[in-house]
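The values are calculated or read from the model by the stated rules, or taken from the named source; none is laboratory data. Since we're looking at a predicted model, the values are computed, not measured. Backbone-built Cβ (ideal geometry, glycine too); neighbour counts: all protein chains shown. For the accessible areas, the whole protein counts, side chains as well, though only heavy atoms, and no ligand, DNA or RNA atoms are used. Shrake-Rupley method; radii C 1.70, N 1.55, O 1.52, S 1.80 Å.
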Amino acid sequence: MQALRDITFEVKPGELFGLIGPDGAGKTTLFRILTTLLFADEGTASVAGMDVVGDYRDIRKAVGYMPGRFSLYQDLSVEENLDFFATIFGTTVEENYDLIKDIYIQIEPFKKRRVVALSGGMKQKLALSCALIHKPKVLFLDEPTTGVDPVSRREFWDMLKRLNSTGITVLVSTPYMDEAELCNRIALIQEGELLVVDSPENIVANHTDSLYKVAAKNTYMLIKDLKDFKGNKSVYAFGEFIHYTHSNSDFSEERLGEYLEAKGHEDIKIVKARAGIEDVFMALSEKKGTEV
Amino acid sequence: MKTIGYIIQKEFRQIFRNKAMLPIIFVMPVLQLLILSNAATFDIKNIRLLYVDHDRTSTSRALINSFDASDYFKVMDRASSHAKAYEAMENGSVDVILEIPNKFEKDLSLGNVTALGVYINAIDGAKAGVENVYVNQVVQSFSKQVQLKYLSSAGGTVMAAKVASVPAFWYNKELDYKTFMVPGILVLLVTMVTLFLSSMNIVREKETGTLEQINVTPIKKYQFIIGKLFPFWVLGLVLLTVGLLLAKLVFHVPLVGSVALLYLFTAVYLLLILGMGLLVSNYTDTQQQAMFIAWFFVVIFILLSGLFTPIESMPGWAQKITYLNPIRYFVEIIRMVMLKGSGFWDIARQLSIIAGYAFALNVITVWGYKKTR
């Protein structure tokens, strides 16, 4: 199985770059190639100016990697894990304490506790501290917020922003589209191919399809009827609304309203809306689908 | 060097935090040595003997008595007929039937050849073989007495020149099976524990995902491997020490040879075993798989080690396989050194074979480990 196909992108130094796509899109594979854990069958990649194949030893010194699955020693304490990673990177906790201070201070009261007894949020903070302890130039975070509660997610992104502001380049992957706008630039990835690479603002701005939010009492029938509406381009559920785009300019809200009324819908709402990243993703992945 | 030291330190911490580890190191050897050494004996005692006496004379009774006097036999009862005795054999209540023919005493006094019927339950072939030997021993010593008796009573002047073989069991004078088994079981123990623990240990890092985290650090493969395996090398030597102490203090196994030589051999031997552990963990993804594969090898190694069945009695092809079996060499060596007092040059051949295997296996394994990076 091919996990990645024809991927080209560049991350600028000091950027907070998001790799966004659904499960199975190839995000982890891409990260594993960039962190020298896997060899790509073809193509080249460089991290911090070093080739991932030829200079893998130097890359390992220069990057921090936090895998999607928590992978620190459960039977060692918080302190011991941090010491261990500091030592094998040839440094000490004291030397780079400034960098992790904000994060580590929150788990410091539990530093004697074994990792197995920590909460999910604390484990994550420790994992981040361990990935940072050698002061990496580039930090790779593979789905750090998957399975994390909304408050901790918010907190985690704040930490990332602060880290990023100290000059560390951060690559983060996530399946959550709403995290896209927190990045400087993003790449949307789907089935091993990049759909677009740009800043979230530009991606949204370049999206020309007019988007309408439609709601009615019977959502299920509404989707069905919208899909039957002549000239529809895309119809998908998005929270309490149905996001609808039309294939040509020959569209008016009134005509759609009359059509839906004729179908017997009640409480019809049709509002023109600004497209979000998820809308763009849906549109682009659909376009990709029709091309193949 | 500092990195290796730190990995070793971390490894020891984890080992001692594992609740199962201390019992494995100290309780398992004690239990295994105590139970196995006492149970795994080739001595067969309490052989149940039933006799059918068609003669009923003082000589036939004397023969029965000499069986009764032996430690090995437990004379059950007298059966009235061969059929009755056979019935008892059928339902498993006797091991050996001795049938004394009619005119037994008379034939003996006349110097005629007389035959005793001996029927042995041979469901367990090894046991039957030993029982046969014991029966022969008792009968032979009995016939010697009888011959002397009749010769002297006949006032014969010619004493038949008798050649008696007097066996002397060297290195184990009383032919004590514990002396023989304890060193062997100690070998099994050292091998099993270090192989299982080391093969499971690296796989565990795969299972928990920490190997991936380790792989993105600048740790070099050799540092990681040495750091991971060194603690088990030490552990193996600790196990040997515990086992030797038990052998000496509890079983009073003689320790004729040099202890330092034993440690030297074990130190090299453990390199081979740890290399095997690493090889197993290379090709497995979970501790369970590693355990199964390690078990598979250990069972073959044990059965082909010469510990429970002598290598000399194996078919030729099986004997050839045993040359690949590290346990075979260790069993040989530990017995040679402990019981016979062999010196360095006596075991140099086995030592160099094990060292060669250890080197070859570790080269292959480390090479394979790099490839699966």
Once you average over the residues of B:75-83, how many Cβ atoms of partner chains fall within 10 Å of each Cβ?
-> 0
Integer Hz, Karplus 6.51/-1.76/1.60 couplings in order for region B:311-322, x for Gly and Pro = 4, 4, 9, 7, x, x, 5, 5, 4, 5, 4, 4
Return the whole-Å distance between the Cα centroid of region A:1-15 and the Cα centroid of region A:80-119.
-> 31
When a/c is below 1.5 the answer is rounded, else prolate if a/b is larger than b/c, else oblate, so apply that to region A:59-154 with a ≥ b ≥ c taken from the square roots of the Cα gyration tensor eigenvalues.
-> oblate
Please give the solvent-accessible surface of A:K263 in Å², to the nearest 10, using a probe radius of 1.4 Å with every protein chain present.
-> 100
Accessible surface of B:I226 in the full protein assembly, 1.4 angstrom probe, to the nearest 10 Å²?
-> 80
Once every DSSP H run of n ≥ 4 in chain B is given -39500 (n - 2.57) and the sum is divided by its residues, what mean residue ellipticity at 222 nm do you get, rounded to the nearest 500 deg cm²/dmol?
-> -21500 deg cm²/dmol
May I have the extent of the alpha carbons of region A:124-256 along their three principal axes, as whole Å values ordered from largest to smallest?
-> 61, 29, 25
Angle between the Cα long axis of helix A:253-262 and the longest principal axis of chain A, 0 to 90 degrees, nearest 10?
-> 70
Percent of accessible area on the protein assembly as shown owned by carbon and sulfur, 1.4 Å probe?
-> 57
Quick one: helix B:28-39 against the long Cα principal axis of chain B, what's the angle to the nearest 10°, folded into 0 to 90?
-> 20
Student exercise, chain A dipole from Lys, Arg, Asp, Glu Cβ charges, in Debye to nearest 20 = 520
Please name the residues of region B:1-36 whose accessible area, counted over protein heavy atoms with a 1.4 angstrom probe, falls by no less than 50 Å² between the chain alone and the full protein assembly.
-> B:Y6, B:K10, B:Q14, B:R17
Around A:A273, which amide H atoms from residues at least 5 apart in sequence, or from another chain, sit under 5 Å from its own amide H, with H modelled in the peptide plane?
-> A:L211, A:Y212, A:K213
Label region B:290-373 by shape, choosing from rounded, prolate and oblate, from the square roots a ≥ b ≥ c of the eigenvalues of the Cα gyration tensor; if a/c is under 1.5 it is rounded, and otherwise prolate applies when a/b is larger than b/c, oblate when it is not.
-> oblate
Per residue value of the accessible surface for region B:47-153 (all protein chains in place, 1.4 Å probe), Å² = 57
Return the average number of partner chain Cβ atoms within 10 angstrom of each residue Cβ along peptide B:210-222.
-> 6
Beyond 29 Å (Cα-Cα) in this structure, taken from A:K27/A:K125; A:K12/A:K112; A:K27/A:K112, we find A:K12/A:K112; A:K27/A:K112
Give, to the nearest whole percent, the P(r) tail of region B:47-153 beyond 23 angstrom, counting all Cα pairs.
-> 25
Under a Gaussian network model of chain B whose springs join Cα atoms within less than 10 Å, the largest fluctuation of B:P231, B:P29, B:P310 belongs to B:P310
Before rounding to the nearest 500, sum -39500 (n - 2.57) across all DSSP H runs of length at least 4 in chain A and divide by the residue total; then give [θ] at 222 nm in deg cm²/dmol.
-> -11000 deg cm²/dmol
If a/c stays under 1.5 just call it rounded; otherwise compare a/b with b/c (prolate if a/b is bigger, oblate if not). Do that for chain A, with a ≥ b ≥ c from the square roots of the Cα gyration tensor eigenvalues.
-> prolate
From the P(r) of region A:208-274, can you give the percent of Cα pairs sitting at distances over 21 Å?
-> 10
Averaged over peptide A:82-90, how many Cβ atoms belonging to another chain are found within 10 Å of each residue's Cβ?
-> 5
Work out Dmax and Rg for chain B from the C-alpha atoms and quote the Rg first, both in angstrom.
-> 28.3, 98
Nearest 100 Å² is fine: how much accessible area is buried between A and B, summed over both sides, with a 1.4 Å probe?
-> 2700
Could you tell me how many degrees, from 0 to 90 and to the nearest 10, lie between the Cα long axis of helix B:259-282 and the main elongation axis, the longest principal axis, of the Cα atoms of chain B?
-> 60
Projected area of region B:1-110, taken from the Cα convex hull and averaged over every viewing direction, in nm²?
-> 13.3
Kindly write out, for region B:293-310 in residue order, the coupling ³J(HN,Hα) from the Karplus curve 6.51 cos²θ - 1.76 cosθ + 1.60 (θ = phi - 60°), rounded to whole Hz, with x marking Gly and Pro.
-> 5, 4, 4, 3, 5, 4, 4, 4, 4, 5, 5, 9, 8, x, 7, 9, 10, x
Among A:L226, A:L163, A:L128, residue whose mean-square fluctuation peaks in a GNM of chain A (springs only between Cα atoms under 10 Å) | A:L226
Using a Gaussian network for chain A with springs between C-alpha atoms less than 10 Å apart, which of these wobbles most: A:G239, A:G231, A:G18?
-> A:G239
Restricting the count to DSSP beta bridges whose residues both fall in the protein assembly as shown, what percent are antiparallel, rounded to a multiple of 5?
-> 50
In vacuum, with every alpha carbon of the protein assembly as shown counted as one equal point scatterer, what does the Debye formula give for log10 I(q)/I(0) at q = 0.07, 0.08, 0.09, 0.10 Å⁻¹? Two decimals, please.
-> -0.70, -0.80, -0.91, -1.02
Please go through the residue pairs A:K123/B:K19; B:K103/B:K127; A:K230/A:K288; A:K213/A:K287; A:K135/B:K2 and name each one whose alpha carbons sit more than 25 Å apart in this structure.
-> B:K103/B:K127
